[in-house]
Structure formats: C-alpha cells, structure tokens
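Each remark here refers to the structure printed beneath this line.
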Amino acid sequence: MSFRLLPTAYKLVKFAEAKRFNDVTIIANETGYSASHVSNVLYGRRNNESIVNKAYRLIKDRQTNLTILARA
C-alpha cells in the first residue's frame, strides 16, 4: 500500500461540502488560532496546512447530501 498526499484544494472542497455551524470555532480552539484566521484559511484567502489538515480530519467521516444522493 502506497501513501499518497491529498492536495490542499481537495481537502478544502470536502470541508466546504460537509461543514457544520460550529466547525470553525472547534478548529480554532483545537489549533490555537483565532476564528477569523481559521475562516480565512478555509475560504482560501490564507495558507496554513495545519488548519486545513485539522478541518479535513474533523469532517472526513461525515456523510454529505451528495454522498447520500449518490447511493440512492
């Protein structure tokens, strides 16, 4: 099994599909950055790989409406 890095853009798109109301605050508390900085990173205005990785790990197992509709 080979290890493959996911592109940052892919992680941001997946986060945008599955985000919930309080996710930015949760990520800000866990990473130690301000909520406004986390929001700027997640909307692509700033770069911070640790915030993007934390966001992706937070939502990676969530079901989105797109995945539910794809199964039907």
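The values are calculated or read from the model by the stated rules, or taken from the named source; none is laboratory data. Given the structure is predicted, the values throughout are model-derived calculations rather than measurements. Here the Cβ positions follow ideal geometry from the backbone for every residue, glycine too, while neighbour counts run over all protein chains shown.
Quick check, is Lys54 part of a helix (DSSP H, G or I), touching a Ser or Thr at 6+ places or on another chain (Cβ under 9 Å) and either polar (S, T, N, Q) or surrounded by 17 or more Cβ atoms within 10 Å (Cβ to Cβ) (or both)? Spell out the reasoning first.
Working: part of a helix (DSSP H, G or I): yes; touching a Ser or Thr at 6+ places or on another chain (Cβ under 9 Å): yes; either polar (S, T, N, Q) or surrounded by 17 or more Cβ atoms within 10 Å (Cβ to Cβ) (or both): yes.
Here the answer is yes, as Lys54 does meet what is asked.
Would you mind telling me which numbered condition in (1) outside any helix (DSSP H, G or I); (2) within 13 Å of the chain's Cα centre (by Cα) Asn40 fails?
Going through the list (1) outside any helix (DSSP H, G or I); (2) within 13 Å of the chain's Cα centre (by Cα), Asn40 breaks only (1).
Just the residues that are modelled with pLDDT under 95 and either of a type in the set (Val, Ile, Thr) or at positive phi (or both), please, taken from segment 15-47.
The answer is Gly44, and nothing else.
Restricting the first residue to segment 1-25 and requiring it to be more than 17 Å from Thr64 (Cβ to Cβ), which pairs with a second residue that is modelled with pLDDT of 90 or more and of a type in the set (Ser, Thr, Tyr) meet a Cβ separation below 8 Å and a spacing of at least six or different chains?
Val24/Ser39
If you check Lys60 against the conditions, is it modelled with pLDDT under 95, under 12 Å from the mean Cα position of the chain (by Cα) and over 16 Å from Leu6 (Cβ atoms)?
no
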